[in-house]
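Engineer: My questions all concern the structure below.
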Amino acid sequence: MDSAYEGDETRRLAQELGYTPVAPPNPKRLAPWEYDKVVYRRRNEIERLFRRLKGYRRVFSRYDKLDVLFAGFIVFALIFEALRFSVNTP
């Protein structure tokens with residue numbers, strides 16, 4: 001969940017489906033809840049990874065017709081991102 005979906009009904013539905021919502025509550029809520037900040041931070045890292053993957057046109061436009069080729073290019077893009085990240089990290 002993201003903070004845009006932190007409403008009571010959405011939160012209750014996620015819990016009924018067996019998910020643990022980690023969205024932070026709106027600061028103006030009268031009864032805010034506790035959330036795991038570490039898990040929320042990790043979720044944000046995954047969201048940023050998907051944003052970087054969508055920067056590749058083949059991933060964004062689903063250019064490949066075969067699932068195997070699409071999955072292979074995603075693996076290639078992930079390797080490229082990991083190498084780019086390791087080079088830029090001191």
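Engineer: When you look at R58, is it assigned by TED's automatic domain parsing to the domain that holds A77, surrounded by 14 or more Cβ atoms within 10 Å (Cβ to Cβ) and modelled with pLDDT of 85 or more, yes or no?
Structural biologist: Here the answer is no, as R58 does not meet what is asked.
Engineer: I'd like the full set of residues that are outside any helix (DSSP H, G or I) and loosely packed, with under 11 Cβ neighbours inside 10 Å, limited to the range 1-22.
Structural biologist: Within the range 1-22, L17, G18, T20 meet the criteria.
Engineer: Can you report the number of residues in the range 63-83 which are surrounded by 10 or more Cβ atoms within 10 Å (Cβ to Cβ), among the charged types (D, E, K, R) and more than 28 Å from V22 (Cβ to Cβ)?
Structural biologist: Total meeting the criteria: 1.
This table checks each residue for (1) touching a His at 6+ places or on another chain (Cβ under 9 Å); (2) modelled with pLDDT under 80; (3) among the β-branched types (V, I, T); (4) under 28 Å from A82 (Cα atoms).
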| residue | (1), (2), (3), (4) |
| --- | --- |
| Y5 | no, yes, no, no |
| L13 | no, no, no, no |
| T20 | no, no, yes, no |
| N44 | no, no, no, yes |
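Engineer: For the range 30-87, name all the residues that are part of a helix (DSSP H, G or I), under 19 Å from the mean Cα position of the chain (by Cα) and acidic (D, E).
Structural biologist: If the condition is that a residue be part of a helix (DSSP H, G or I), under 19 Å from the mean Cα position of the chain (by Cα) and acidic (D, E), then E45, E47, E81 are the ones that fit.
Engineer: Any chance you could count how many residues in the range 35-55 are among the basic types (K, R) and surrounded by 11 or more Cβ atoms within 10 Å (Cβ to Cβ)?
Structural biologist: 4
Engineer: What's the number of the condition P25 fails, among (1) in the same structural domain as F80 (by TED's automatic domain parsing); (2) surrounded by 10 or more Cβ atoms within 10 Å (Cβ to Cβ); (3) not polar (S, T, N, Q)?
Structural biologist: So P25 meets the others, but not (1).
The values are calculated or read from the model by the stated rules, or taken from the named source; none is laboratory data. In this text the structure is predicted, and so the values were computed from the model without any measurement. All Cβ positions, even for glycine, are placed from backbone atoms using ideal geometry, and neighbour counts span all protein chains on display.
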